[in-house]
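Below is one structure; the comments refer to it alone.
The values are calculated or read from the model by the stated rules, or taken from the named source; none is laboratory data. Fair warning: this is a prediction, and the values are worked out from it, not measured in the lab. Here the Cβ is made from the backbone with ideal geometry for all residues, glycine too, and neighbour counts use every protein chain on show.
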Amino acid sequence: MKLKKKIFKKNYRWGALKKKVLLLLFGGLALYLSQGRGAWKIIKGIHKEWKKINRQHLRRIIKEFYHQRLIAFKEKSHGKIEVILTDKGKLKALECKLEEMEIEIPSRWDKKWRIVIFDIPEKKRYQREIFRDKLKKLGFLKIQKSVFIFPYPCEDEINFLVEVLKIRRYVRIVLAKNITNQEELLLKFNLI
């Protein structure tokens, strides 16, 4: 599945309801993939959210998703029709998840620095730009061209980004206790 520029437009605005519906469909995919592990939590959350959506709006959004080729319909043997996410729909759902991604800041700093180093080749330039932009939005500080630093645990978020963008082999995360001239960093992250 290749990332396509037209899916990851920087200024593409989507309504909150469309994002919610797409993420709920993606949650159904997560439920299918979980195969029992934590499935009840997923079912409970998804069911509550579906009930909150106006049926008329939902029909319009589903129709729009179908025309945009984000979803497809599959007829089951017993006559029911199943809505499934296409590859394009999965990418769009992941984009929505990326937009919502935030790093939880603990109440106390563990006095360790998280340094993200990457060397993403020119052929993956678009993924590199997305990765760099997302690091900045998450609050990372650029200390060199492809080196960013952050004082709080963020490995899960970085790993998610790296997997979605398919750049695992080009990114390293370093955990450091000390860094030269860290007073400047302490000031910028309000840790003094």
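Close Cβ contacts (under 7 Å, 6 or more residues apart or on different chains) running from residues in the stretch 143-160 that are closer than 11 Å to I173 by Cβ to residues that are surrounded by 20 or more Cβ atoms within 10 Å (Cβ to Cβ) and among the β-branched types (V, I, T) comprise F148/V116; I158/V116. Cβ-Cβ distances below 8 Å connect the following pairs, each with a first residue in the stretch 71-99 that is in contact (Cβ under 8 Å) with a residue 12 or more places away in the chain, a second residue that is hydroxyl-bearing (S, T, Y), and a separation of six or more residues or different chains: I71/T86; A72/Y66; A72/T86. Is it the case that K134 is basic (K, R) and either more than 21 Å from the chain's Cα centre (by Cα) or crowded, with 16+ Cβ neighbours inside 10 Å (or both)? Taking the combined requirement at face value, the residue satisfies it. Return the residues of the stretch 156-192 that are surrounded by fewer than 12 Cβ atoms within 10 Å (Cβ to Cβ) and within 16 Å of K97 (Cα to Cα); say none if nothing qualifies. Of everything in the stretch 156-192, those that are surrounded by fewer than 12 Cβ atoms within 10 Å (Cβ to Cβ) and within 16 Å of K97 (Cα to Cα) turn out to be D156, E163. If you go through the stretch 125-139, how many residues are among the basic types (K, R), farther than 11 Å from V171 by Cβ and touching a residue at least 24 places away in the same chain (Cβ under 8 Å)? Residues meeting the conditions: 1. Checked against the criterion of being more than 30 Å from K63 (Cα to Cα) and at pLDDT 95 or above, the stretch 159-170 has at least one qualifying residue.
When residues in the stretch 102-116 are screened for being exposed (fewer than 15 other Cβ atoms within 10 Å of the Cβ) and either of a type in the set (V, I, T) or touching a residue at least 60 places away in the same chain (Cβ under 8 Å) (or both), 4 of them pass. On the basis of being farther than 22 Å from R132 by Cβ and hydrophobic (A, V, I, L, M, F, W, C), does I81 make the cut? So I81 fits the description; yes. Looking only at residues of the stretch 137-151 that are surrounded by 18 or more Cβ atoms within 10 Å (Cβ to Cβ) and of a type outside the set (A, V, I, L, M), we find that the one that is nearest to S107 (Cα to Cα) is P151. Criterion applied to Q68, Q56 was being within 21 Å of the chain's Cα centre (by Cα), outside the structural domain of C154 (by TED's automatic domain parsing) and without any contact (Cβ under 8 Å) to a residue 24 or more places away in the chain, and the one residue passing it is Q68. Just to be sure I understand, how many residues within the stretch 147-192 are more than 21 Å from the chain's Cα centre (by Cα) and not in a helix (DSSP H, G or I)? Total satisfying the criteria: 12.
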